[in-house]
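Only the coordinates and a few stated rules stand behind these numbers; no lab work does. Values in this document were obtained by computation on a predicted structure and should not be read as measured data. Here the Cβ positions follow ideal geometry from the backbone for every residue, glycine too, while neighbour counts run over all protein chains shown.
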């Protein structure tokens, strides 16, 4: 098995490295289009896009997605390092800081009784196409721990889904984002681990 892993690494690693970033960027663009198509354009979107709440949500999701990108790359390249958690630190710090200083007064449960299930469900839905793409790209790597690789793919997909949903989400409180976006990302990471344990086995 070690010899097979070495052969696969030599043969496929360049493909993984070349495909991963374009796949992530393409998935983000498509997820934004899906979000606007499925959930409609938010009123006063041009104003929202330059406001602090949106910029916080989007920047946090992108920072976490960057960490997910590092996690996926390392999961597909054995021996490329194990300090995956460090890549998530910038996004976690920004999220925690915004939560502490949030003075918006927006409730943790959102603007309506349907805010939480709508948010979590929408992010999970928007993440699924990206999850499929990232798992497919991981096939060009050497994921020796399929469940961990799938979880990394789910983390990346969930944060991309969260970034896309930020364009239509009207619940702008930092605590809301931390709790419910976080829950949605956790769910997608779980899906990724389950699917990856089967789809990435070799």
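A few comments on the model shown:
- Under the simplified labelling scheme, the residue 100-residue 170 pair shows an inter-label distance of 3.3 nm, with each label point 7 Å from Cα along Cα→Cβ.
- Normalising the average separation of contacting C-alpha pairs (under 8 angstrom, six or more residues apart) by the number of residues puts the relative contact order of the chain at 33 percent.
- Helix 2-39 vs. the chain, principal-axis angle (Cα, 0 to 90°, nearest 10): 20 degrees
- Each part reduced to its alpha carbon centroid, segment 107-173 and segment 29-45 end up 15 Å apart.
- Nearest-0.05 FRET efficiency for residue 186 and residue 109, computed from C-beta distance (R0 22 Å): 0.75
- The tail of the calculated P(r) for the chain, taken as Cα-Cα distances beyond 20 Å, holds 54 percent of the pairs.
- Where labels lie 7 Å past Cα in the beta-carbon direction, separation of residue 25 and residue 197 in nm: 3.5 nm
- Rounded tilt (10° steps) of 84-101 against the dominant C-alpha axis of the chain: 10 degrees
- Between 0 and 90°, nearest 10: helix 146-165 axis offset from the chain longest Cα axis: 30 degrees
- Paired Rg and Dmax values of segment 144-202, which use every Cα atom, in angstrom: 13.2, 44
- Report note on the peptides 68-77, 142-151: ranked by the mean count of other C-beta atoms within 10 Å, highest first, their order is 68-77, 142-151.
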